[in-house]
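The values are calculated or read from the model by the stated rules, or taken from the named source; none is laboratory data. Note that the structure is predicted; figures quoted are calculated from it, not measured. All Cβ positions, even for glycine, are placed from backbone atoms using ideal geometry, and neighbour counts span all protein chains on display.
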Amino acid sequence: MASTKSKVSVTVSENGPYIVTGGIPLAKQTIAADAEGGSDAWLEGEPVRHRDTYQLCRCGASETKPFCDGSHQRIGFDGAETACRDAYRVQATVLDGPVLQLADAESLCAFGRFCDPNGQVWNQVERTDDPAVRAMFIRQVNNCPAGRLVALDKASGRPIEHALPVSIGLVEDPEQQCGGPLWLRGGIPVVAADGFEYEVRNRVTLCRCGESKNKPFCDGAHAAIKFQGS
């Protein structure tokens, strides 16, 4: 188990796997749907056993998912990182509401769809002076695994982020009949293959199907190709 955030990291290897250090806990995280099929909650599975340092597949072809088995070499995987390296606040647009604001960096979307129920968060923000709507808005925004969406306190400009344990989730999406990205939670540093350190954030999602056009981050491609994560 990881003891402090300073000792944990995920490093993107060139055309190869993610190298995870610091014994970061790993477990399946399943998107639970409501009666209408909308994303409603997260269900955590049993922990996956691993070593203190381990390698996670990012080409999508490993036979030992979620771990790497060297298939990236066999298929000639092109893992070139193409994501914007600007800070989140630079990438995001901000929608104004009476009490809260909504920051939205669309390129980070991992197709979790927690934004859609109850009239969509982009409309809810306009009614955040209603305590019930405000609570619903904060919950749905914080369930966005990618951190594409962030609720902001309008008075202070500070983000309203639920505390998350330092851990990695293996996202499963039964409603879409596919596996999803790696969900990094609790402020895990991500280091690019060239040594660049991405902004440390409470929530990010990394591609594990190999098809994202925004590597190393997820862009929802797993849903289109019906990626199977196990």
Among residues of the stretch 174-194 being in contact with a helix residue (DSSP H, G or I) (Cβ under 8 Å, 6 or more places away or on another chain) and surrounded by 22 or more Cβ atoms within 10 Å (Cβ to Cβ), the residue farthest from THR82 (Cα to Cα) is GLY179
Contact list, first residue from the stretch 188-202 and in contact (Cβ under 8 Å) with a residue 60 or more places away in the chain and under 19 Å from GLY169 (Cα atoms), second anywhere and of a type in the set (Val, Ile, Thr) and part of a loop (DSSP other than H, G, I, E, B), beta-carbon distance below 7 Å, six or more apart or interchain, is ILE188/VAL8; ILE188/ILE24; ILE188/VAL166; PRO189/VAL200
* Based on what the data block shows, is VAL200 in a strand (DSSP E or B) and either of a type outside the set (Lys, Arg) or over 15 Å from GLN55 (Cα atoms) (or both)? -> no
Meets criteria (in contact (Cβ under 8 Å) with a residue 24 or more places away in the chain, out of contact with any strand residue (DSSP E or B) (no Cβ under 6 Å at 6 or more places or on another chain) and either over 19 Å from ASN214 (Cα atoms) or basic (Lys, Arg) (or both)) for PRO174:
yes
Quiz prompt | Boolean, GLU197 is at negative phi, modelled with pLDDT of 95 or more and surrounded by 13 or more Cβ atoms within 10 Å (Cβ to Cβ) | solution = no
If you go through TYR88, TYR18, TYR54, the only one that is of a type in the set (Phe, Trp, Tyr) and farther than 24 Å from CYS144 by Cα is TYR54
**Study point:** Residue check for THR205: hydroxyl-bearing (Ser, Thr, Tyr), touching a residue at least 24 places away in the same chain (Cβ under 8 Å), touching a strand residue (DSSP E or B) at 6+ places or on another chain (Cβ under 8 Å) and within 17 Å of GLY112 (Cα to Cα)
**Key:** yes
- Query: Residue check: is GLU46 assigned to a loop (DSSP other than H, G, I, E, B), closer than 19 Å to GLY179 by Cα and not polar (S, T, N, Q)?
  - Reply: no
